[in-house]
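> Handing you a structure now.
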Amino acid sequence: MSIITTVTRMWLTRSTKPFLFVNDYDNKLQYVKTNNLGLYIHIPFCKTICSFCPYCKVEYREELAEKYVNALIKEINLVCDSKERKEITSLYFGGGTPALLIDKLDEIITVIKKYFIISEGIGIELHPNNVSIETLKKLKQLGITKISIGIQSFQDKFLHILGREKTDYSNMFKALERVSFETVSMDFIFALPGQTFELIKRDIDIAFQNGANHIAIYPFIDFSFTESTLKKMSNKEKRKLLDDITNYCVDKGYIRDSIWTFAKNSNKKYSSMTRDNFLGFGCSATTLLDKQFKINTFSIEDYIKRVDNRKIPTSLTLRFTKNQRMIYYLFWTAYTTRVNLAEFEKFFNIKLKTQYGFEIWLMKILKLIKERDGYLEMTLKGAFYYHYYENYYTLAYIDKMWSVMRKEAFPKELIL
Ligand SMILES: C[S@@+](CC[C@H](N)C(=O)[O-])C[C@H]1O[C@@H](n2cnc3c(N)ncnc32)[C@H](O)[C@@H]1O
Ligand code: SF4
């Protein structure tokens, strides 16, 4: 399987050099001159742990959570430069279940604002059980503009398959009616055993009729280290589902703003992950800058120890070659289903067509992309193959990296 990602990597980076992640780090990160920078903060606590979930998280314990927040604030103070407040796009709290620390978020946001001016709002991931009028009001007071709720499915049968409790969503819908946000996104998982398009369509309609103006429908990914025993759907069935979902949403007038996400209207920015550059704080958080990608330790205890010693908690760093940075850029930008030719040139000082003229020509011939108004846009077929490739990428790179990092706080190196 990883042969596909290896060959693609060699072809596109024009080199046999693998992605080499090493156990060294810069105690000061060069982010100040970076354009289009976003921030991510990871909160690794959940009330109960879902068997299918690959993210870095533990069961909530008040004492540990308190120590964690103190460490998080220390990490922000270590990394950030206080000379001048830098304008950033957005701040996003992911997890885990960040709302478990709702009374601590103010403290964290205040420290962030010491260093940054947030221009496009603050987002947070929520578990459906978090969505009460009281919690939403608190989040709004904190300046949060985007909420993303992990529904997974509105149907008991699929919640059961995923090991989640039966949920009464009526209070959640009432709360969403009472307290509004610029973006209300709902997450779903598709390609679960026995899931048909009719059933997914029902979930999409329920979401848009009950407060969502954005939805994310992720394909189920079977990570090697999770305890999920779910039977995988065939690729043929998955493709049919993805095409049916896309056609349904497009016919309804929703806008596909990334491979698996759809928005009710086009005038807002929804995504948390498609920034050119981002700084990540907290255990397991990643940072992407012009010249490096780095990932923090997955161990909460080691994370706390490390920042207590005034060292930033980076576990592995990848220092990019220029071509590696280009394919990183293209891979993540392509997730939005389009690449802006002028922005690529501004970022790398070279035209995309000069760098990858043959590949662009080939993809046009294969009807995977088309060019319009200065953008290369994916066709429906192109989006399917990206989705398909992303699955390989997740299993060949992310699964491998996270498997190692869950076992060892600071591995010596990792070659991908
Ligand atoms: C960190 S979780 C969301 C927030 C919240 N903790 C919750 O579960 O409601 C982010 C999202 O990733 C998706 N996800 C988690 N595990 C997945 C898997 N194995 N395959 C596909 N999507 C997954 C789910 O849709 C989930 O809502
Ligand atoms: S899916 Fe959400 S609630 Fe479940 S373990 Fe993962 S982060 Fe926690």
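> Confirm whether Thr48 is in the same structural domain as Phe116 (by TED's automatic domain parsing), within 11 Å of ligand 1 (Cβ to nearest atom) and among the hydroxyl-bearing types (Ser, Thr, Tyr). Break it down stepwise before answering.
Numbers: in the same structural domain as Phe116 (by TED's automatic domain parsing): yes; within 11 Å of ligand 1 (Cβ to nearest atom): yes; among the hydroxyl-bearing types (Ser, Thr, Tyr): yes.
So Thr48 fits the description; yes.
> Looking at this structure, is Met378 under 22 Å from the mean Cα position of the chain (by Cα) and surrounded by 15 or more Cβ atoms within 10 Å (Cβ to Cβ)? It would help to see each step written out before you state the result.
Values: under 22 Å from the mean Cα position of the chain (by Cα): yes; surrounded by 15 or more Cβ atoms within 10 Å (Cβ to Cβ): yes.
When the stated conditions are applied, Met378 passes them.
> Shifting gears a bit: Tell me, which strands (runs of 3 or more DSSP E) lie completely within the stretch 193-302 with 1 or more residues that are more than 16 Å from ligand 1 (Cβ to nearest atom) and surrounded by fewer than 21 Cβ atoms within 10 Å (Cβ to Cβ)? Outline the logic, then answer.
On the way: elements: 214-219, 255-258, 261-263, 277-281, 286-288, 292-296.
Where strands (runs of 3 or more DSSP E) fall fully within the stretch 193-302 and carry at least 1 residues being more than 16 Å from ligand 1 (Cβ to nearest atom) and surrounded by fewer than 21 Cβ atoms within 10 Å (Cβ to Cβ), they are 255-258, 277-281, 292-296.
> Across the stretch 111-160, which residue is nearest to ligand 2 (Cβ to nearest atom) among those that are in a strand (DSSP E or B) and over 17 Å from Ala207 (Cα atoms)?
Ile124
> Let me confirm something: among Val32, Val58, which residue is more than 17 Å from Ile122 (Cα to Cα) and away from ligand 1 (no atom under 16 Å from the Cβ)?
Values: Val58 fails: away from ligand 1 (no atom under 16 Å from the Cβ).
One residue alone meets the criteria, Val32.
> Yes or no: Met172 within 12 Å of ligand 1 (Cβ to nearest atom), in a helix (DSSP H, G or I) and buried (at least 20 other Cβ atoms within 10 Å of the Cβ)? I'd like the intermediate steps shown before the answer.
Numbers: within 12 Å of ligand 1 (Cβ to nearest atom): yes; in a helix (DSSP H, G or I): yes; buried (at least 20 other Cβ atoms within 10 Å of the Cβ): yes.
Yes; evaluated as a whole, the condition is true for this residue.
> I've got another one for you. I want to confirm something. Restricting to the stretch 80-97 and keeping residues that are in contact with a Ser or Thr (Cβ under 9 Å, 6 or more places away or on another chain) and not in a strand (DSSP E or B), which single residue is nearest to ligand 2 (Cβ to nearest atom)?
Taking the stretch 80-97 as the starting set, the residues that turn out to be in contact with a Ser or Thr (Cβ under 9 Å, 6 or more places away or on another chain) are 86-90, 92, 94.
With the extra rule that they be not in a strand (DSSP E or B), the set shrinks to 89-90.
Numbers: Thr89: 24, Ser90: 20 Å.
Here the answer is Ser90.
> Only one of Val32, Val69 is away from ligand 2 (no atom under 16 Å from the Cβ), surrounded by fewer than 21 Cβ atoms within 10 Å (Cβ to Cβ) and modelled with pLDDT under 95; which?
Values: Val69 fails: modelled with pLDDT under 95.
From the options Val32, Val69, the qualifying one is Val32.
For every residue, the table says whether it meets (1) within 16 Å of ligand 1 (Cβ to nearest atom); (2) in contact with a helix residue (DSSP H, G or I) (Cβ under 8 Å, 6 or more places away or on another chain).
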site	(1), (2)
Glu62	no, no
Lys67	no, yes
Ser82	no, yes
Ile88	no, no
Leu91	no, yes
Pro98	yes, yes
Leu101	yes, yes
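> Show the residue pairs that are 6+ apart or on different chains and have beta-carbon atoms under 7 Å apart, the first residue being within the stretch 59-74 and more than 19 Å from Arg306 (Cβ to Cβ), the second being crowded, with 17+ Cβ neighbours inside 10 Å and modelled with pLDDT of 95 or more.
Listed by first residue and then by second, the contacts come to Glu59/Cys46; Tyr60/Phe45; Tyr60/Cys46; Tyr60/Leu100.
The values are calculated or read from the model by the stated rules, or taken from the named source; none is laboratory data. What you are looking at is a predicted structure, and each value in this text was computed from that prediction instead of being measured. Note: ideal-geometry Cβ built from the backbone for every residue, glycine included; neighbour counts use all protein chains shown.
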